[in-house]
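The structure appears below as structure tokens.
Values in this text are rule-based calculations from the coordinates and carry no lab data. Values in this document were obtained by computation on a predicted structure and should not be read as measured data. So basically every Cβ, Gly included, is an ideal-geometry build from the backbone, and we count neighbours across all protein chains shown.
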Amino acid sequence: MMSKENYNFSWGEFVFFILILLVCEKYQVSLGESMENFLVHFFFFSIYIFVVLTFKRFQSAFILLFIVYEAVETLSYQMTGHDIDFQVLSSFEFSYVWNAQRIYLFYGGIIFVFAVLISNVKFPHLDCYISSTYLILLVIAESVIFFLFSSCIFRSFYPFGKRYVFRYSKKQDGFDDSELTDEEILLKYIRSKAQTGQPASPKKNIILFAIESFEQQSIGRFNHYYPNMMPFIDNLSQRGTYFTNVICHPYTQWSVGSLLAAQCNLPHVVTEVVWDRMQYESIGKWPQLPCIGKHLKNLGYNLYMEISSQSELMGYRDFFVEYEFEVSDAKEHGQKHDYGFYKYIEEKMFEEKKFKEPFLLMVTNSDTHPFFYVNQECKSNPMYNRNLPHIVNCFNCYDLCVRDFFNRFEKSSLFSRTEMLVYGDHLAFGGGKKIYDNPRKMSIFFPYWEKKVVNKETSVYDIAPTVMDILGVDYSPKYPFGASLMDDKEVGKTPNHNDFTLIYDVISKNVEGENKGRNSTCLWKKGICTGEEYFQDRESVFKS
């Protein structure tokens, strides 16, 4: 005979918290949450709430934890169209939020106060008999579901799970074992100093315009859900040379990784691919490499880096200072958001004329990073529509922010002496259902080159060889990856798992500082994330 104990259990509280759970999860489903995640979350938290309300020990704390989790995940879906992952959590880096998106501290405070109030709601209690055997079965069931729940979280926190490595395209030639980069060439590149010949023609200025989280479907003509998205950039990209098949490769899927690939032609192979470690993986601690800046410094170029917001995360600022760039971010210019930032760039370039020729200018923004900030100046424009997804309003706002800059540039004396490349640093983390379709590609275009569309496979690894080709100079060592975008047919090599391992062994694990002596971990195993673990069953990955 089963033993019974008298538990003072409140069905009112249980129903109340289940309703909160259902409302949050249902809303997340409408924004792109999978049915698998919905079912796992619903059953896990239903049992969780039942057990917490039954035993009552630390009840308020456990209920608070549940409310905060659901609130943050719902906010994540609202802002990014995605669940909580390493990219979203890295957005909570305090100095970034404090300097760039302080409004989210206010939102966080509201969520916390709301969660505290809700977790302490009291209802009339109803005594009921609950079998101890029944409770044991519930705990066992919760343990099983906890494994599934943990797996959902685990997949979100590790960016090189299947959904990140193969999520956006059905073809990844960079993982073809027949295209191995020769180890000696790669080692020579890493260990060599930049040697640069003089150009035969006058030196051209170079502007690299990097747009945070900008991809092909951020442009209206590639997005059948929102065909009017980013109208100015859409028009600008059609006036010159546009590349339609730009692949986002492993270790370039975050801003600093993309930056390193574009500037130095190497992937940002990190010690541990988890968000709380990656934010401390400083590229400023990497050894000196023959990057674009080194070659242009040899040619007498002035190097400038303009960043909206702050630039400390993952050694962003330290890297450019190390390569002798004059770096200006929110600490210098005081502009924490894109609208004011591009007005500042206009004034500095066209009125104050502070960029001394010949120059290389890197310009990168931050508002189109999760959580996709919309400037107040944009909300009075007819393009802004509160009924549109937040990410769409954000990119439309960016479109407004840069319009005057490009119009003034085209009328300036710099126009005839300057080459400009516009590219997205990586795919948007977020967007969700009915914003972006698979396969997803990045964006690269030259707005003032010959008007044409190029369909060859390209990537950010092509940027460094292209800059050197534009300058028309001999240089060594040659870049191990990528190919010049001036050639419509040549497809450059991209790093494979052997290259990742070599770069890790030669650079990442030997970097002085916090990383020294650490073992690399990938997914649940020791070792480097190379993509190799996904070779065995690629077809099933593509279908997923």
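Which pairs, out of LYS204/LYS353; LYS353/LYS411; LYS294/LYS336, put more than 18 Å between their alpha-carbon atoms?
Where the Cα-Cα span goes over 18 Å, the pairs concerned are LYS294/LYS336.
Work out from phi, with θ = phi - 60° and the Karplus expression 6.51 cos²θ - 1.76 cosθ + 1.60, the ³J(HN,Hα) of each residue of segment 30-45, listed in order in whole Hz, and give x for Gly and Pro.
With coefficients 6.51, -1.76 and 1.60, one gets 5, 9, x, 5, 6, 5, 4, 5, 4, 5, 4, 4, 5, 5, 4, 6 Hz.
For ARG57, ARG239, which order do you get if you count the other beta carbons within 10 Å of each Cβ and list the fewest first?
ARG57, ARG239
How would you rank TRP254, TRP11, going from fewest to most other Cβ atoms within 10 Å of each one's own Cβ?
Placing the least packed residue first, the sequence is TRP11, TRP254.
Could you compute the FRET efficiency for LYS193 and ASN438, with r as their C-beta to C-beta distance and R0 at 45 Å, rounded to 0.05?
Once rounded, the FRET efficiency stands at 0.60.
In what order do VAL453, VAL40 fall by count of nearby beta-carbon atoms within 10 Å, going from fewest to most?
If I rank by nearby Cβ atoms, fewest first, I get VAL453, VAL40.
Find how many whole Å separate the alpha carbon centroid of segment 314-364 from the alpha carbon centroid of segment 8-49.
Between the Cα centre of segment 8-49 and that of segment 314-364, the gap is 47 Å.
Amide H of GLU326: which non-local residues (sequence gap of 5 or more, or other chain) have their own amide H closer than 5 Å, using H built in the peptide plane?
Correct list: LEU303, TYR304, MET305.
How much length would be gained if the chain were fully extended between ASN235 and ALA141, taking 0.36 nm per residue of separation minus their Cα-Cα distance, in nm to one decimal?
28.2 nm
Work out, step by step, the length gained on full extension between SER380 and GLU410: first 0.36 nm times the residue separation, then minus their alpha carbon distance; give nm to one decimal.
8.2 nm is the gain from fully extending SER380 to GLU410.
For segment 184-192, take each phi angle, set θ = phi - 60°, evaluate the Karplus expression 6.51 cos²θ - 1.76 cosθ + 1.60, and give the result in whole Hz per residue in order, putting x for glycine and proline.
5, 5, 5, 5, 4, 4, 4, 9, 9
Give me the distance between the Cα centres of segment 473-497 and segment 411-456, rounded to whole Å.
With segment 473-497 and segment 411-456 each reduced to a Cα centre, they are spaced 19 Å.
I'd like the Karplus ³J(HN,Hα) series for segment 451-461: coefficients 6.51, -1.76, 1.60, θ = phi - 60°, whole numbers in Hz, and an x wherever there's a Gly or Pro.
Once rounded to whole Hz, the list reads 6, 6, 10, 10, 9, 5, 6, 9, 6, 5, 5.
HIS337's amide H: which non-local residues (gap 5+, or another chain) put their own amide H closer than 5 Å, with H modeled 1.01 Å from N in plane and none for Pro or chain starts?
Distant-sequence amide H within range of HIS337: SER309.
If amide H atoms are built 1.01 Å from N in the plane of the peptide, which residues on other chains or at least 5 residues away come under 5 Å of the amide H of SER443?
Distant-sequence amide H within range of SER443: GLN216, GLY424.
Taking 0.36 nm per residue of sequence separation and subtracting the Cα-Cα distance, how much length would be gained by fully extending the chain between THR501 and ILE18, in nm to one decimal?
169.1 nm
Express in whole angstrom the spacing between the alpha-carbon centres of segment 209-232 and segment 243-273.
Cα centroid to Cα centroid, the span is 21 Å.
Would you mind putting 407-416, 390-399 in packing order, based on average other-beta-carbon counts within 10 Å, highest first?
390-399, 407-416
How do the peptides 349-360, 368-379 rank, highest first, by the average count of neighbouring beta carbon atoms within 10 Å per residue?
368-379, 349-360
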